[in-house]
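Peer 1: Starting off with a structure, shown below.
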Amino acid sequence: MLASEMKAVSRWIAALGGIGLAAAALAQDVDQAFHSILSAPAVIKALADIRADDARTFEEQKTLTEIPSPPFKEQARAAYYVKRLREVGLSDAYIDREGNVIGARKGRGSGPKLAISAHLDTVFPEGTDVTVKEKDGRYYAPGIGDDTRGLVELLAVLRAMGANALSTVGDVLFVGTVGEEELGDLRGVKALFRDHPDIDGFISLDGDRIGRIVSRATGSHRYEAIFKGPGGHSFGAFGLPSAIHAMGRAIAKISEVRTPSSPKTTFTVGIVRGGTSVNAIAGDARMGIDMRSDSMDELLKLEKTILAHVRDAAAEENRRWNADGITVELKLIGDRPAGRTPEDSKIVHVARRSLRALGQQATLDSASTDSNLAMSLGIPAVTISHGGDHQAMHSLNESYKPTDAWLGPQNALLVVLGLAGLDGVSPPLLEARKPGGSR
């Protein structure tokens, strides 16, 4: 081996060693912080209080579930929730211009600003029966878990912190966001970061398995494709192009698209509608297209391919009938950015260490949640999951069983204390950003 090659290999080995040492030092810092936090008598008492308070937390979960919160109509639940935040100690809690409920728990003024949130909205439309029903120890109601459970877990954390005088070094924002589901397009969390550009770290409390940590944000683009044509009688006007036939051509093309399995990239035509009668050439048709990927680059490639297929389908329908009557309009109706929090980041280490303290196995995952926005901005963020047994999310048969439910708020409390720091006990592991967004 040449001397120059030997030097290059030596530098590579040294670099790997440096990475290993840095990771080991970070893990040691997190372990030391958690040893101090978990040894603090007030924290021990707070964790016990959360468990003892479990039944009351679940009763509030049932109450909140029965306050409808359909997309874009979260006002009634927001009004209840801001009242509850004030009652558990955040006297200055308010509803912002977008409809988010926000309350600040001030630290001693020398640390980072951490936001922890759950979302107020559900996927279910206005008029859905949200009455909670019990059968064999399991409770059924649309939205009983997603994300009603996250909201009440935030209240449980606040009660435990207040009752045990747990003061953080950094400020902590407790937030109930709007617009997380469906076509809400993350409007609540987008407004949060627009109005609070000094947030240094973000936690979303959302999900159905206590050990799940979402550190990769699945981005999505959603489009409505609107086909228009002249329309006419199916017999008398035969020979005119059809908006529905054009849409069918587009769906056929889209169905043949191939996407990578890693990074996971997906698509679907989820909604179709159009026409006026079985014996009419359709003058209008529209479809909703959902595209997702863990990679923004792959999402943009997929978007380019699918939109081209839609336009080509309209052109083909016109050529078939030697006409030009079909047009297509493409509307972007959903834009959720992709992003990633590195696995070796402090916030992921803290989330893992908290679960280990509670005897839980951590798994890293990808999903589309409120954390997408923070990750896309390069702000440390994770989504952590609820306690309890949650099934059939987003269905009318959604259900919840409060088995070991207290683990959710216990986990949230420990993650908050680790990141924001426990005054007089442990410094914050989350770093405050410098002006301009650097660290």
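Peer 1: Quick one: which residue in Val350, Val328, Val310 is under 28 Å from Asp53 (Cβ atoms) and in contact with a helix residue (DSSP H, G or I) (Cβ under 7 Å, 6 or more places away or on another chain)? I'd like the intermediate steps shown before the answer.
Peer 2: Details: Val328 fails: under 28 Å from Asp53 (Cβ atoms); Val310 fails: under 28 Å from Asp53 (Cβ atoms).
Within the list Val350, Val328, Val310, the selection yields Val350.
Peer 1: Condition first: more than 17 Å from Gly334 (Cα to Cα) and either of a type in the set (A, V, I, L, M) or not assigned by TED's automatic domain parsing to the domain that holds Ile226 (or both). Can you find one or more residues in segment 296-303 that meet it?
Peer 2: Looking for residues that are more than 17 Å from Gly334 (Cα to Cα) and either of a type in the set (A, V, I, L, M) or not assigned by TED's automatic domain parsing to the domain that holds Ile226 (or both), one finds none in segment 296-303, hence no.
Peer 1: Can I ask one more? Of all residues in segment 182-210, which are acidic (Asp, Glu) and in contact with a Pro (Cβ under 6 Å, 6 or more places away or on another chain)? It would help to see each step written out before you state the result.
Peer 2: Restricting attention to segment 182-210, the residues satisfying the condition of being acidic (Asp, Glu) are 182, 185, 195, 198, 200, 206, 208.
Answer for segment 182-210, where residues must be acidic (Asp, Glu) and in contact with a Pro (Cβ under 6 Å, 6 or more places away or on another chain): Glu182, Asp200.
Peer 1: For residues that are hydroxyl-bearing (Ser, Thr, Tyr), surrounded by fewer than 23 Cβ atoms within 10 Å (Cβ to Cβ) and over 30 Å from Ala381 (Cβ atoms), tally how many sit in segment 213-245.
Peer 2: Total meeting the criteria: 1.
Peer 1: Return the residue satisfying two criteria in turn: it lies in segment 249-278 and is among the aliphatic types (A, V, I, L, M) and assigned to a loop (DSSP other than H, G, I, E, B), and of such residues it is surrounded by the most Cβ atoms within 10 Å (Cβ to Cβ).
Peer 2: At the first step, the residues of segment 249-278 found to be among the aliphatic types (A, V, I, L, M) are 250-252, 254, 257, 269, 271-272, 278.
Now drop any that are not assigned to a loop (DSSP other than H, G, I, E, B), which leaves 257, 278.
Numbers: Val257: 13, Val278: 6.
In this case the residue turns out to be Val257.
Peer 1: I'd like the residue in segment 279-325 that is aliphatic (A, V, I, L, M) and outside any helix (DSSP H, G or I) and, out of all such residues, is surrounded by the fewest Cβ atoms within 10 Å (Cβ to Cβ).
Peer 2: At the first step, the residues of segment 279-325 found to be aliphatic (A, V, I, L, M) are 280-282, 285, 287, 289, 291, 296, 299-300, 302, 306-308, 310, 313-315, 323.
Pick out the ones that are also outside any helix (DSSP H, G or I) and you get 280-282, 285, 287, 289, 291, 323.
Values: Ala280: 16, Ile281: 26, Ala282: 23, Ala285: 24, Met287: 21, Ile289: 25, Met291: 25, Ala323: 14.
Only one residue fits best here, namely Ala323.
Peer 1: Right, something else. What is the residue count in segment 375-398 for residues that are hydroxyl-bearing (Ser, Thr, Tyr) and over 13 Å from Asp206 (Cα atoms)? Spell out how you get there, then give the answer.
Peer 2: Restricting attention to segment 375-398, the residues satisfying the condition of being hydroxyl-bearing (Ser, Thr, Tyr) are 376, 383, 385, 395.
Filter once more, so that each one left must be over 13 Å from Asp206 (Cα atoms): 376, 395.
Residues that pass the stated criteria total 2.
Peer 1: Quick one: is Ile281 of a type in the set (Val, Ile, Thr) and within 25 Å of Glu182 (Cβ to Cβ)? Show your work before the answer.
Peer 2: Details: of a type in the set (Val, Ile, Thr): yes; within 25 Å of Glu182 (Cβ to Cβ): no.
So Ile281 does not fit the description; no.
Peer 1: Turning to a different aspect of this structure: Can you name the condition, by its number, that Phe235 falls short on among (1) assigned by TED's automatic domain parsing to the domain that holds Thr122; (2) modelled with pLDDT of 95 or more; (3) part of a loop (DSSP other than H, G, I, E, B); (4) not basic (Lys, Arg)?
Peer 2: (1)
Peer 1: Out of all the residues in segment 114-126, which are closer than 22 Å to Val82 by Cβ and surrounded by fewer than 20 Cβ atoms within 10 Å (Cβ to Cβ)?
Peer 2: Hit for segment 114-126 is Glu126, nothing else.
Peer 1: Could you tell me whether any residue of segment 229-244 is among the aliphatic types (A, V, I, L, M) and without any contact (Cβ under 8 Å) to a residue 40 or more places away in the chain? Show your work before the answer.
Peer 2: Restricting attention to segment 229-244, the residues satisfying the condition of being among the aliphatic types (A, V, I, L, M) are 237, 240, 243-244.
Add one more test, that the residue is without any contact (Cβ under 8 Å) to a residue 40 or more places away in the chain, and what stays is none.
No; the residues of segment 229-244 include none that is among the aliphatic types (A, V, I, L, M) and without any contact (Cβ under 8 Å) to a residue 40 or more places away in the chain.
Peer 1: Output the number of residues of segment 195-225 satisfying the condition of being small (Gly, Ala, Ser) and within 27 Å of Gly288 (Cα to Cα). Break it down stepwise before answering.
Peer 2: Of segment 195-225, the ones small (Gly, Ala, Ser) are 201, 204, 207, 211, 215, 217, 219-220, 225.
With the extra rule that they be within 27 Å of Gly288 (Cα to Cα), the set shrinks to 207, 217, 219-220, 225.
Selection size over segment 195-225: 5.
Peer 1: If I ask for residues that are farther than 17 Å from His390 by Cα, of a type in the set (Gly, Ala, Ser) and touching a helix residue (DSSP H, G or I) at 6+ places or on another chain (Cβ under 9 Å), which ones from segment 97-140 would you list?
Peer 2: Gly99, Gly103, Gly107, Gly111, Ala115, Ser117
Peer 1: Out of Lys401, Lys346, I need the residue that is within 30 Å of Asp198 (Cα to Cα), in the same structural domain as Val123 (by TED's automatic domain parsing), basic (Lys, Arg) and modelled with pLDDT of 95 or more. Which one?
Peer 2: Numbers: Lys401 fails: within 30 Å of Asp198 (Cα to Cα).
That would be Lys346, the only listed residue that is within 30 Å of Asp198 (Cα to Cα), in the same structural domain as Val123 (by TED's automatic domain parsing), basic (Lys, Arg) and modelled with pLDDT of 95 or more.
Peer 1: Also, quick follow-up: Can you tell me how many residues within segment 184-200 are surrounded by fewer than 22 Cβ atoms within 10 Å (Cβ to Cβ), part of a helix (DSSP H, G or I) and in contact with a Gly (Cβ under 6 Å, 6 or more places away or on another chain)?
Peer 2: Counting residues in segment 184-200 that are surrounded by fewer than 22 Cβ atoms within 10 Å (Cβ to Cβ), part of a helix (DSSP H, G or I) and in contact with a Gly (Cβ under 6 Å, 6 or more places away or on another chain) gives 1.
Peer 1: Among (1) of a type in the set (Gly, Ala, Ser); (2) in contact (Cβ under 8 Å) with a residue 24 or more places away in the chain; (3) touching a strand residue (DSSP E or B) at 6+ places or on another chain (Cβ under 8 Å), which single condition is Ala392 missing?
Peer 2: (2)
The values are calculated or read from the model by the stated rules, or taken from the named source; none is laboratory data. On a predicted model such as this, the values are computed, not experimentally measured, just so you know. Every residue, glycine among them, receives a Cβ derived from its backbone with ideal geometry; neighbour counts consider all protein chains shown.
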